[in-house]
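The values are calculated or read from the model by the stated rules, or taken from the named source; none is laboratory data. Here the structure is a predicted model, which means the values were calculated and not measured. For neighbour counting, all protein chains shown are included, and Cβ atoms are generated from backbone atoms with ideal geometry for every residue, glycine included. Keep in mind that these areas ignore ligands, DNA and RNA; they rest on the heavy atoms of the full protein, side chains included. Shrake-Rupley method; radii C 1.70, N 1.55, O 1.52, S 1.80 Å.
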Amino acid sequence: MDEDNRQTLRRRSGLTAGLIAVLLLALPVAVWLDLTNLADAALRRQASDLNSVIKSVRHYYAANVVGRILEHPGDVKVVHDYQNIPGAIPIPATLSLELGRVIGEQQSNISYRFVSDYPFANRAPHELDVFEREALAALRKDASANIVSGKAGLFSDSVRLVSPVTMAPACVACHNVHPESPKTDWKVGDVRGIQEVTITQPIAANLFSFKFLLAYFALAAVCGVSFLAMQRRQADRIVAMNKELETNNDFLAALSMKISRYIPPQIYKSIFSGQKDVTIHTERKKLTIFFSDIQNFTATTERLQPELITQLLNEYFTEMSEIAHRYGGTIDKFIGDAMLIFFGDPETKGDRADAQACVRMAWAMQRRLAELNSKWRAAGIEQPFRARMGINSGYCNVGNFGSADRMDYTIIGAEANLAARLQSIAEPGGIVVSYETYALVSEIISAHTLPSITMKGISRDVVPYVIDHLHDGTEQSEVVIEKMPGLDVYLDTAALAPTDSDKARAILTRALESLDKRELRPAE
């Protein structure tokens, strides 16, 4: 996991944690909003009920107490200052005021006001706030409804309910004749004033009614925070493990790339893909075996410095290996200056296709070696490499040979030895194949035979074939390579530009004329 992926994981974890935290914090807010709505509704009901009770009491008192006394005057008087007159009873307005005072003393969260903008002459005028004045004006226009105002605070809610105080027949009879009444033209149903009920309810009182729900929320919050902490630790652990795995993967990738240099690519691929097990196991298969060797390599090493020999040999093996990989050959091993390559395992396209691929590979190797020789001669190396190549097709044992601790993927059999023997009788720069191989590739080559040979382990006579030309359309050029004292020729017709053909022909003609002159000189 690279740094961008780790940063993305951290951002997503942070967003998830933040979202969960917001949701957890939003739960109490949602509960508080619900409690506020519940408290407001409850307070409105309480105020309405209390207002209805007081109004009913006052109406009952006015109709059934005060009214009856006024209808039959006697010793009992109905006055507002009844406490100063023995045997007197309060008027309904005074009763309402007394009830409000008593209720306020008994209930600290409930207040009651009975106010009017027409107080009796001997009473102090009532102080009305803006809400009360607006409510009184509205009720005088329409006395059929109550006016309610709610106020929600952070810690408490309050509701103010205002209802009209209307003039009943008994009230009209009293007020219109009372000497202290400021208004004497009252009619039944007129709004004299208002009565106001105010109820305040602390939020905490309702909040603690949900103690079990709050406990559940607290437990959920603790569990959520614990889960977030655990998830964060787990995410950090996963990031650390991914980083360690990434380091290990990089190490293994580098190690596998190094190991791949020591084994054929096909074997490397089959092992790492699980197609082959690394166990001692061999199979008998028909293969096409290629063997090559450099002519007079030992003598060449004596003429050149070791560093230069190493450079030339490594370049030679690099170029030849690239060609082998291109044609699908499995490089068995390098033996000094020799190469052992086979076709048919671990991947095969059939006996004929494998043999033809091997021949094309050998032809391409000789062409490339000719190009390398031209390059090396231009660099001052007088006698570069020339290779002999032998190819044979037959059955061999192929697979892992060795011990449980050390094994080698290779081939064993007389047919492999025959390929080496064919190489030994080839001319430098030539390719010799057995009859078994020739039968598989005859349609793509021109060849001539050599005298038959015998070999230990093979009961039949072996007829060698020297490949003269490859004519299947994959290699259209003839490469002429020859070096001897006084002669150094390298001609690749495929690499020669069409515009240079006449020039090359003129050079060769001049060389022939020079040779003719040399032969005629002694006769003169």
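Among residues that are in contact with a strand residue (DSSP E or B) (Cβ under 9 Å, 6 or more places away or on another chain) and at pLDDT 75 or above, residue 93 is not included. Taking residue 459, is it more than 30 Å from residue 381 (Cα to Cα), modelled with pLDDT under 90 and among the polar types (S, T, N, Q)? So residue 459 passes the test. Consider residue 282 carefully, then state whether it is open to solvent by 80 Å² or more (accessible area, probe 1.4 Å), within 30 Å of residue 394 (Cα to Cα), modelled with pLDDT under 95 and not hydrophobic (A, V, I, L, M, F, W, C). No; evaluated as a whole, the condition is false for this residue. Does residue 251 satisfy the condition of being under 29 Å from the mean Cα position of the chain (by Cα), among the aromatic types (Phe, Trp, Tyr), in a helix (DSSP H, G or I) and at pLDDT 65 or above? When the stated conditions are applied, residue 251 passes them. Within the stretch 321-345, the set of residues being over 44 Å from the mean Cα position of the chain (by Cα) and buried (at least 17 other Cβ atoms within 10 Å of the Cβ) comprises 337, 339, 340, 341, 342. Across the stretch 346-363, a minimum of one residue is classified as assigned to a loop (DSSP other than H, G, I, E, B), among the hydroxyl-bearing types (Ser, Thr, Tyr), within 49 Å of the chain's Cα centre (by Cα) and surrounded by 14 or more Cβ atoms within 10 Å (Cβ to Cβ). For residue 324, state whether it is part of a helix (DSSP H, G or I), in contact with a Gly (Cβ under 6 Å, 6 or more places away or on another chain) and closer than 23 Å to residue 285 by Cα. Against the criterion (part of a helix (DSSP H, G or I), in contact with a Gly (Cβ under 6 Å, 6 or more places away or on another chain) and closer than 23 Å to residue 285 by Cα), residue 324 does not qualify. Within the group 379, 387, 420, which residue is within 25 Å of residue 459 (Cα to Cα) and aliphatic (A, V, I, L, M)? Result: 420 is the single residue among 379, 387, 420 that is within 25 Å of residue 459 (Cα to Cα) and aliphatic (A, V, I, L, M).
Taking the stretch 485-507 as the range and being open to solvent by 90 Å² or more (accessible area, probe 1.4 Å) and at pLDDT 80 or above as the test, the residues that pass are 499, 502, 503, 505.
So that you can scan it fast, the table gives a plain yes or no per residue for (1) closer than 19 Å to residue 442 by Cβ; (2) touching a strand residue (DSSP E or B) at 6+ places or on another chain (Cβ under 7 Å); (3) open to solvent by less than 30 Å² (accessible area, probe 1.4 Å):
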position: 387; (1), (2), (3): no, yes, yes
position: 392; (1), (2), (3): yes, yes, yes
position: 396; (1), (2), (3): no, yes, yes
position: 404; (1), (2), (3): no, no, no
position: 407; (1), (2), (3): no, yes, no
position: 411; (1), (2), (3): no, yes, yes
position: 414; (1), (2), (3): no, yes, no
position: 421; (1), (2), (3): no, yes, no
position: 426; (1), (2), (3): yes, yes, yes
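Taking the numbered list (1) modelled with pLDDT under 85; (2) over 22 Å from residue 91 (Cα atoms); (3) not hydroxyl-bearing (Ser, Thr, Tyr) in turn, residue 170 passes all entries but (2). Does residue 241 satisfy being at pLDDT 65 or above and either more than 30 Å from residue 330 (Cβ to Cβ) or among the basic types (Lys, Arg) (or both)? So residue 241 fits the description; yes. Residues in the stretch 162-179 that are closer than 19 Å to residue 115 by Cβ, in contact with a helix residue (DSSP H, G or I) (Cβ under 8 Å, 6 or more places away or on another chain) and part of a helix (DSSP H, G or I): 2 in all. Hey, does the stretch 111-119 have a residue that's basic (Lys, Arg), open to solvent by 60 Å² or more (accessible area, probe 1.4 Å) and over 17 Å from residue 54 (Cα atoms)? No: the stretch 111-119 contains no residue that is basic (Lys, Arg), open to solvent by 60 Å² or more (accessible area, probe 1.4 Å) and over 17 Å from residue 54 (Cα atoms).
Do we have residue 451 as without any contact (Cβ under 8 Å) to a residue 60 or more places away in the chain and either assigned to a loop (DSSP other than H, G, I, E, B) or within 16 Å of residue 291 (Cα to Cα) (or both) here? Spelling it out, residue 451 is indeed without any contact (Cβ under 8 Å) to a residue 60 or more places away in the chain and either assigned to a loop (DSSP other than H, G, I, E, B) or within 16 Å of residue 291 (Cα to Cα) (or both).
Of everything listed in (1) at pLDDT below 80; (2) surrounded by 12 or more Cβ atoms within 10 Å (Cβ to Cβ); (3) under 28 Å from residue 37 (Cα atoms), the single unmet condition for residue 131 is (1).
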